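Undergrad: After the structure tokens below, expect a handful of questions from me.
Read-outs throughout are calculated quantities, based only on the coordinates presented, and are distinct from any laboratory measurement. This structure is a prediction, so every number in the text was calculated from the model and none was measured. Please note: Cβ atoms are built from the backbone with ideal geometry, for glycine as well, and neighbour counts cover all protein chains shown.
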Amino acid sequence: MALGAFIIKEKLGISDRETVEQIKENPYLQYFVGISSYSNEPPFNASMLVHFRERINVNLVNLVNQEMVKKML
């Protein structure tokens, strides 16, 4: 979930709070981060993205993204 949220945040270029709101409102984004059924509740507090960022850097996100694209081709 953390990596998915971070990918969403970086790709959309939005704030932590906007990221949580986007995930909360969008069933496709919820599925992307690993939530199996739609919920209109926030999946986590925006402040958790700070903890995610300490553990997951942009280079890791880009690497994972590139590997996912390679596997889809």
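Undergrad: Return the single residue from 37, 15, 47 with maximal mean-square fluctuation; model: Gaussian network over the chain, springs between Cα atoms under 10 Å.
TA: Evaluated over the chain, the most mobile residue of the options is 37.
Undergrad: Given the rule -39500 (n - 2.57) for each run of at least 4 DSSP H residues, summed and divided by the residues of the chain, what is its mean residue ellipticity at 222 nm, to the nearest 500 deg cm²/dmol?
TA: So the calculated ellipticity at 222 nm is -20000 deg cm²/dmol.
Undergrad: For the chain, set up a GNM with springs between Cα atoms under 10 Å and report which of 25, 41, 54 has the largest fluctuation.
TA: Maximum among the listed residues: 54.
Undergrad: Going by how many other beta carbons lie within 10 Å of each one, how would you line up 6, 32, 52, fewest first?
TA: Ordered by Cβ neighbours within 10 Å, fewest first: 32, 52, 6.
Undergrad: Sort 68, 48 by Cβ crowding within 10 Å, fewest neighbours at the top.
TA: With the fewest neighbours first, 68, 48 line up as 68, 48.
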